[in-house]
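Data block below; observations after.
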């Protein structure tokens, strides 16, 4: 497992916290990797025959599988343990950040005051969409918006360290595997792009925004998000790493940028935390923001393409009912995103929906890419 | 430092997520007990690492401080040993998840009462 690069804004883990987090990561591994074979065994030997007996056919959807799997005692305890793991891991990373919060806020203020390259623009009056505020997404109490003190960076700092731990250390020392994947995908598929302006939608703590700065020297890179504490952290983190980037508090559905402002618009695991309506609106906004010949690229969880059987889709859908991810299952398996992209103005011949490999790693992400016509 | 004092922060930070709380096990008390159990299990793992640190420090020096324990950086070899311990520990902890335990009442050994009668008879 890789270690995080210890930039000045990163909360430090005490030796006890390191041990606690290491256990919770291995606990997650045991549930999702080691015990997955047993879960499937229960499906094949108990739940599937029960479904056939009851309905006289094979399951066709994840909802079919749910009818018989949710009754299985093994599934029930497996699911309960997964929820327990999630809450313990969130609480432990929250403790780690909270005890260091006064110092982190001081560093944020200092880095903001002495900002060398980047900017931060907050809009306290911005209306926060229901899809991101109605419940605490992935069971993080306070969600992306908790502010415990003035100029708070808590939610952003916790997201950075929490996402690294949840990623089992496989997201690289700067926790930016998704941004690196986006860069790699664009360089391979659109080698002639010479972008002057790049926008990252729903950038949160900015980890995945910054790789675009190094990848396209001379380009101005912008990150927007609806969470003020995440953006404060993102700004301070970028300054601490000496990477120029402009962050502002805006919704990806309706930004304040002018038509045709960007050569590249990207997002990383944004869609599954929005809504069916918002995905369409965001795609239309991407079309509006791109210059002719510009490219949009959206990365999200790979299971949209890799979970193809009703059973795999049922297991993948665990987060919808157990991890406060209300749009998860619908995004992964129910929406026709190509249709939404076409309705937003992109041409069928320009659309790519595929898997993008993490450079140098085994993981991949779902990718939707398209060029805006008219160059 | 004008940030909120620790006591107030500890009181104000929500610790339970807003949203749906699933009831996988059918009884909210059982879910609570499971959460307590795994929290204890986590702390046992934390203590294991701390004891391991102290044991290793004691091999190289006769006296060591709390600061020495905190500053101790496990080598790659020590990290691998601890990871192996955690995996074995998780296997023991979640042993019940790896065993085939019948759930239906008729499969749980109701005939056992027959065995009791049988061996108790004259």
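Rule-based calculations on the coordinates, nothing more; no lab input. Just so it is clear, the structure is predicted and the values come from calculations on it, not from any experiment. Heads up, the Cβs are rebuilt from the backbone with ideal geometry, glycines too, and the neighbour counts pull from every protein chain shown.
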Fill in the blank from the handout: With -39,500 (n - 2.57) per DSSP H segment of 4 or more residues and division by the full residue count of the protein assembly as shown, the 222 nm estimate, nearest 500 deg cm²/dmol, is -14500 deg cm²/dmol
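Would you mind giving the mean number of other chain beta-carbons within 10 Å of the Cβ of each residue in A:12-25, as a whole number?
Across the residues of A:12-25, the mean count of other-chain Cβ atoms within 10 Å is 5.
Just the number, please: Stokes-Einstein D of region A:294-375 in µm²/s, Kirkwood Rh from C-alpha pairs, 37 °C, 0.692 mPa s.
Numbers: Rh = 14.0 Å.
The Stokes-Einstein estimate is 234 µm²/s.
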Handout entry: Most to least packed among B:65-72, A:34-41, A:216-223 [average Cβ atoms within 10 Å]
Key = A:216-223, A:34-41, B:65-72
Fill in the blank from the handout: Note on region A:24-70: alpha-carbon gyration tensor, axes a ≥ b ≥ c; rule is a/c under 1.5 for rounded, else prolate if a/b larger than b/c, else oblate; result prolate
Exercise for the section: Taking only Cα atoms and a 10 Å spring cutoff, compute GNM fluctuations for chain A and point out the largest among A:182, A:156, A:118. Expected result: A:118
Exercise for the section: Evaluate the Debye formula for chain A with equal point scatterers sitting on the alpha carbons, no solvent, and hand back log10 of I(q)/I(0) at q = 0.14 Å⁻¹, in q order, two decimals. Expected result: -1.24
Practice task
Please average, across the residues of B:71-78, the number of beta carbons from any other chain that are within 10 Å of each residue's own beta carbon, and give a whole number.
Solution key: 1
Handout entry: Using distinct alpha-carbon pairs, which all enter the 1/r mean, Kirkwood radius of region A:85-172 in Å
Key = 14.5
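Rg to Rh for region A:185-249: what is it, with Cα atoms only and Rh by Kirkwood?
On the way: Rg = 11.8 Å, Rh = 12.0 Å.
Value, to two decimals: 0.99.
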Completion exercise
Taking only C-alpha positions in region A:135-234, Rg and Dmax in angstrom work out to 14.7, 46
Handout entry: Alpha-carbon centroids, region A:218-287 and region A:164-181: separation in whole Å
Key = 19
Handout entry: Shielding by partners - mean other protein chain Cβ count within 10 Å, residues of A:82-91
Key = 4
Practice task
Sort A:372, B:79, A:339 so that the residue with the fewest other Cβ atoms within 10 Å of its own Cβ comes first and the one with the most comes last.
Solution key: A:339, B:79, A:372
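Relative contact order (percent) for chain A, with alpha-carbon contacts under 8 angstrom and 6 or more residues of separation?
On the way: 662 pairs, mean separation 68.1, N = 375.
Relative contact order for chain A comes out at 18 percent.
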Completion exercise
dims of region A:188-295, Cα set, principal axes, largest to smallest, nearest Å -> 36, 34, 25
Exercise for the section: At q = 0.09, 0.18 Å⁻¹, what is the base-10 log of I(q)/I(0) for region A:233-375 according to the Debye formula with one equal point scatterer per Cα and no solvent? Please give it to two decimals. Expected result: -0.31, -1.15
Handout entry: Euclidean distance between Cα centres, region A:292-332 to region B:26-97, Å
Key = 34
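Taking 2.2 N^0.38 Å as the expected size of a compact globular protein, what ratio does the Cα radius of gyration of region B:27-97 give against it, to two decimals? Kindly include the intermediate steps, with their values, before the conclusion.
On the way: Rg = 15.7 Å, N = 71, 2.2 N^0.38 = 11.1 Å.
Ratio of Cα Rg to 2.2 N^0.38 Å: 1.41.
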Handout entry: Descending semi-axes in whole angstrom, ellipsoid equivalent of region A:32-178, from the Cα gyration tensor
Key = 43, 17, 14
Fill in the blank from the handout: Rounded to whole angstrom, the alpha-carbon centroid of region A:337-375 lies from that of region A:193-214 at a distance of 17
